[in-house]
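In what follows, a structure is listed as structure tokens, so that the remarks can point back to it.
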Amino acid sequence: MSGYKIGELAHRTRTSAPTIRYYEQIGLLPRPERQEGNQRRYADDDVGRLTFIRRCREFGFGIEQVRMLTGLVADRSRSCMEARDIAQAHLLDVRAKLHELRALEKSIAAFVDQCDAECIGGPGPDCVILDDLAGATGKKPCCAANAVAAA
């Protein structure tokens, strides 16, 4: 029997054997034929399909989106507009995540700026960043110098 062993497939597609087994388990990759000793043997079609799946995952498509896209690859009767719609939905999700990450960046920058303005390396439990993360309402100075000034 010819074909690739799982390690060879992993190498050719820049994935890992556990990833290949997982994709088989969830049905993204068809279960391969087995040879003596029950070893998996993969064909060139498997190389192409797994490379496609890896690329989809690199672009951040979720498993169900990848499932839909691999279904499109295999069905000539379906429109490529379905792929466009899946990509458009994913683009909207990515943009929403970017918006959330920008808001997170501003919040963390505010933590750092506040610490720079109020702290000079006092005890950790008195840190304004830790207070903010704990949801403390009354801000306490972060360092002994500020504690003396506040008194």
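Within segment 71-93, residues that are over 13 Å from Phe61 (Cβ atoms) have Cβ atoms under 6 Å from residues that are part of a helix (DSSP H, G or I) and not acidic (Asp, Glu) in these pairs: Arg78/Leu72; Glu82/Leu72, counting only partners at least 6 apart in sequence or on another chain. Exactly one residue out of Cys119, Cys80 is exposed (fewer than 10 other Cβ atoms within 10 Å of the Cβ), among the hydrophobic types (A, V, I, L, M, F, W, C) and farther than 23 Å from Leu9 by Cβ: that is Cys80. Selection of first residues in segment 108-121 that are farther than 13 Å from Leu133 by Cβ and of second residues that are modelled with pLDDT under 80 and not in a helix (DSSP H, G or I), restricted to Cβ pairs under 6 Å at least 6 apart or on distinct chains, gives the following pairs, ordered by first then second residue: Glu118/Cys142; Cys119/Cys142; Cys119/Cys143; Ile120/Cys143.
The residues listed here are Glu36, Glu24; of these, the one that is farther than 30 Å from Lys97 by Cα and out of contact with any strand residue (DSSP E or B) (no Cβ under 7 Å at 6 or more places or on another chain) is Glu36.
Taking every residue in segment 8-35 that is within 19 Å of Leu69 (Cα to Cα) and part of a helix (DSSP H, G or I) and pairing it with any residue that is of a type outside the set (A, V, I, L, M, F, W, C) and modelled with pLDDT under 95, at least 6 positions away or on another chain, the pairs with Cβ-Cβ distances below 7 Å are Glu24/Arg31.
The values are calculated or read from the model by the stated rules, or taken from the named source; none is laboratory data. Small disclaimer: the values here were computed from a predicted structure and weren't measured. Note: ideal-geometry Cβ built from the backbone for every residue, glycine included; neighbour counts use all protein chains shown.
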